[in-house]
Structure formats: structure tokens, C-alpha cells
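See structure below.
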Amino acid sequence: MPGADVHRVRIHRIERDDRTSYRPFSNADELEDLIENDLALMLTERFAAAAPRAGEPAAPDEAPPPWATPLERGELTLTVRDDLELRGPVALTSDAWIALGLGESLNDATVDAVDSMLRLMGRELGLERRDALALASVVVDLRITQVVNGVMGVHAVLPHGALGSGRI
């Protein structure tokens, strides 16, 4: 796992980037408020960008991109859990568990993603790390998330039912 100095460099890079939001929080309620406000801002910006500009006719032969299709109403539910110890981004989707790893190289990002997945498998399945690693080598897929902005990203994907347990 990358050292504390590498994490400080990453955080400093994120803080300087005007395209990202980095704000510390001290509890789950503060995190929930930050996420809610950031999502509201992002949705507002996205819909504003998709709206036709005053005085500009829409191109009749050009279909709008799928993301530009206006929504009349959207509903998003977030649940912030303070009963889990997470050291990095983890997502539960309808298809899989996903653990994201970031690093200065793809190797660092891969190590981070695999480490996060092994901790997830240990927590969810009660596995020792060596057993989780043996299973992950067979059922977990690694995918490149990003290779831009000097930060590499890899996500580890564990499909539901891959272990036949019904729990993952």
C-alpha cells in the first residue's frame, strides 16, 4: 500500500485541481451534506449545459447526446454508513462489488484496488487475507478506470454470485 507521503501528495494535487472538490468532514452527517450539495451542483451544471442557448437554433439533423436528454424529475437516494471502516472508495451495484484504487502508476493503483477488495471480501465473507487473495485471483476482474491528470485508477470488480454464496 502506498505510504503516507504518497497520500499527502495525492491530496495536495486534488486540493489544487479546480475541477475537483476536496473538503474534509468529521462525521457521517457532514459527509452526507457534502455529497448532497455536490450532487445537486453537478446535476444543475449538467442540465444547464444541455439546455439550448438563447438565439441558437438546434441543429435539425443532429440528435442530442443521451446525457443531454432533459429529465422532468430525478430522485437519488444516498445512504451514508458509519458502521463500515473504508480506506478508499467501494461501491455496491446491482451487478457487483467494486473497489477503486488510485496511484501514481497503474501498479500502485492496482495494489490499492486489490488491497481494498481483499479487505471487502474479508469483511463480507469472514475470510482471512490469504484465502481472499486465492479466491480473488480467480473471480475478481481488474479494469483501468483512468490514466489522466497524473493519477492512475484501477477498479476491482467482484460480480455477485461469483462465489456461489449468494452473499457476494
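Matching residues to (1) farther than 29 Å from ASN27 by Cβ; (2) at pLDDT 80 or above:
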{"site": "GLU56", "(1), (2)": "yes, no"}
{"site": "ALA63", "(1), (2)": "yes, no"}
{"site": "THR77", "(1), (2)": "no, no"}
{"site": "ASP112", "(1), (2)": "no, yes"}
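Does LEU102 satisfy being closer than 27 Å to ALA28 by Cβ, in contact (Cβ under 8 Å) with a residue 12 or more places away in the chain, touching a Phe, Trp or Tyr at 6+ places or on another chain (Cβ under 6 Å) and not acidic (Asp, Glu)?
Values: closer than 27 Å to ALA28 by Cβ: yes; in contact (Cβ under 8 Å) with a residue 12 or more places away in the chain: yes; touching a Phe, Trp or Tyr at 6+ places or on another chain (Cβ under 6 Å): no; not acidic (Asp, Glu): yes.
Considered against the rule, which asks whether it is closer than 27 Å to ALA28 by Cβ, in contact (Cβ under 8 Å) with a residue 12 or more places away in the chain, touching a Phe, Trp or Tyr at 6+ places or on another chain (Cβ under 6 Å) and not acidic (Asp, Glu), LEU102 comes out as no.
Among residues belonging to region 81-105 that are of a type in the set (A, V, I, L, M) and outside any strand (DSSP E or B), point out the one that is surrounded by the most Cβ atoms within 10 Å (Cβ to Cβ). Before you say what the answer is, go through the steps one by one.
Applying the first criterion (of a type in the set (A, V, I, L, M)) to region 81-105 yields 84, 86, 90-92, 96, 98-100, 102.
In the following step, the residues that additionally are outside any strand (DSSP E or B) were identified as 84, 86.
Working: LEU84: 9, LEU86: 12.
If we take residues in region 81-105 being of a type in the set (A, V, I, L, M) and outside any strand (DSSP E or B), then LEU86 is surrounded by the most Cβ atoms within 10 Å (Cβ to Cβ).
Inspect region 113-136 for any residue being surrounded by 13 or more Cβ atoms within 10 Å (Cβ to Cβ) and in a strand (DSSP E or B) and give the result as yes or no.
Looking through region 113-136, none of the residues is surrounded by 13 or more Cβ atoms within 10 Å (Cβ to Cβ) and in a strand (DSSP E or B).
Are any residues in region 88-112 among the small types (Gly, Ala, Ser), more than 11 Å from the chain's Cα centre (by Cα) and under 16 Å from VAL139 (Cβ atoms), and if so, which ones?
Scanning region 88-112 gives a single hit, ALA96.
Please count how many residues of region 134-164 are within 25 Å of ARG10 (Cβ to Cβ) and either touching a residue at least 12 places away in the same chain (Cβ under 8 Å) or in contact with a strand residue (DSSP E or B) (Cβ under 7 Å, 6 or more places away or on another chain) (or both). Spell out how you get there, then give the answer.
Here is the first cut: in region 134-164, the ones within 25 Å of ARG10 (Cβ to Cβ) are 136, 140-158.
Next cut, either touching a residue at least 12 places away in the same chain (Cβ under 8 Å) or in contact with a strand residue (DSSP E or B) (Cβ under 7 Å, 6 or more places away or on another chain) (or both) only: 136, 140-147, 149-158.
Number satisfying all stated conditions: 19.
The values are calculated or read from the model by the stated rules, or taken from the named source; none is laboratory data. Source: prediction; values computed, not measured. Note: ideal-geometry Cβ built from the backbone for every residue, glycine included; neighbour counts use all protein chains shown.
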